[in-house]
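Working notes, structure below.
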Amino acid sequence: MKIHPSAVVEDGARLADDVEVGPGAIIGKDVQLGKGCVVRAHAVLTSRVIVGERNQIGYGCVIGSEPQDFAHNDSVTSEVRIGSGNIFREYVTIHRGTKEGSATVVGNDNYLMAGSHLGHNVQVGNRIIIANNCLLGGYVEVYDNSVLGGGTVFHQFMRVGRCVMVRGGTRFGQDIPPYSIGDEDNVLAGINTIGLRRNGFSVETRKEIHRAFHLVFRSGYNISQALEKARETEWGPEVRHFLEFITESKRGVCPSSQRKLRHVAEAAE
């Protein structure tokens, strides 16, 4: 274990034998750090924070502090749970859950860039990139393999689907369906074809996703009518996930911009 003399590691903290803790860092008594973790200078891990293996916690990060929720009571026991292989760059902030026994959760192999913020009870999946200064409000969910552009703001309780690409400097308060591109404030530009290719989706699957997207957003039906129409077709598992995500939406899904129609068959190939 390599702990700088100026770091504070409170009694009760559980650190694996090879953990490194930099100058001025503070590790609270209820923190657990797995093998291969590195905590950079002046980072603060406080309250109940459970961290898996091979995580890099950058300079000045604050993880586990109380939620920004007026209804929160300091007597509540809640936590932050972090998987393995994540990188948290400078000044990332992650708040713990706001209700008794609840948690803010980060999965595996994610990259959170400088200044990004996860509010209380946020759920982040795996292999996600969250660029500089992204702000995720309470209870936001981000599914696997998505990319969130810098400076983007996500309203509490909304969801970002699997393999989504979000343009930087935008704002979203409605759900962003899987496989799509969030291009303007609460507006979709089309399918994230490049992301689908990079994540190994076959040509046939990409074409089917394009057909489903067109049916839901560009066929002239409203969402309920489009979902009803979709039940007439036998879809593969990826499109079934796409349709289920939309069906389960509580905040509604972002509409597609008719100014950015992309009826280009070869885009799916």
>> Straight-line reach from residue 207: which aspartates and glutamates fall under 16 Å, measuring Cα to Cα and dropping same-chain residues less than 8 apart?
In response: 234, 238, 266, 269
> Which lysines have a Cα lying under 30 Å from the Cα of residue 2, excluding residues fewer than 8 positions away in the same chain?
Replying inline: 29, 35
> Given the options 23, 177, 237, which has the most mean-square fluctuation in a GNM of the chain, springs set between C-alpha atoms less than 10 angstrom apart?
Replying inline: 237
>> Can you tell me the orientation of helix 237-247 relative to the chain, as the angle in degrees between its alpha-carbon axis and the longest Cα principal axis, to the nearest 10?
In response: 80
>> Quick check on the chain: helices-only [θ] at 222 nm, where DSSP H runs of length 4 and up contribute -39,500 (n - 2.57) each and the sum goes over total residues. Nearest 500, please.
In response: -4500 deg cm²/dmol
> Going through the stretch 122-224, which chymotrypsin sites (Phe, Trp or Tyr not before Pro) have at most 16 other Cβ atoms within 10 Å and a DSSP loop state?
Replying inline: 157, 221
>> Please enumerate, by chain and number, the aspartates and glutamates with C-alpha under 13 Å from the C-alpha of residue 250, excluding those fewer than 8 residues away in the same chain.
In response: 141, 175
>> Over the chain, what is the relative contact order in percent, taking alpha-carbon pairs closer than 8 angstrom and at least six residues apart?
In response: 9
> Which residue, 162, 48, 197, has the most motion in a Gaussian network model of the chain that connects Cα atoms within less than 10 Å?
Replying inline: 197
>> If you average the alpha carbon positions of the stretch 181-214 and of the stretch 57-120, how far apart do those two centres end up, in angstrom?
In response: 30
> For the stretch 110-196, what's the relative contact order in percent, using C-alpha pairs closer than 8 Å and at least 6 residues apart?
Replying inline: 20
> Mean separation of Cα pairs under 8 Å and 6+ residues apart, divided by the residue count of the stretch 2-142: what relative contact order is that in percent?
Replying inline: 15
> According to the square roots a ≥ b ≥ c of the eigenvalues of the Cα gyration tensor, what is the shape class of the stretch 155-229, taking rounded for a/c under 1.5, prolate for a/b larger than b/c otherwise, and oblate for the remainder?
Replying inline: oblate
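Bear in mind that the values in this text are calculations on the coordinates, not laboratory data. Nothing here was measured: the structure is a model prediction, and the numbers come from that model. Note: ideal-geometry Cβ built from the backbone for every residue, glycine included; neighbour counts use all protein chains shown.
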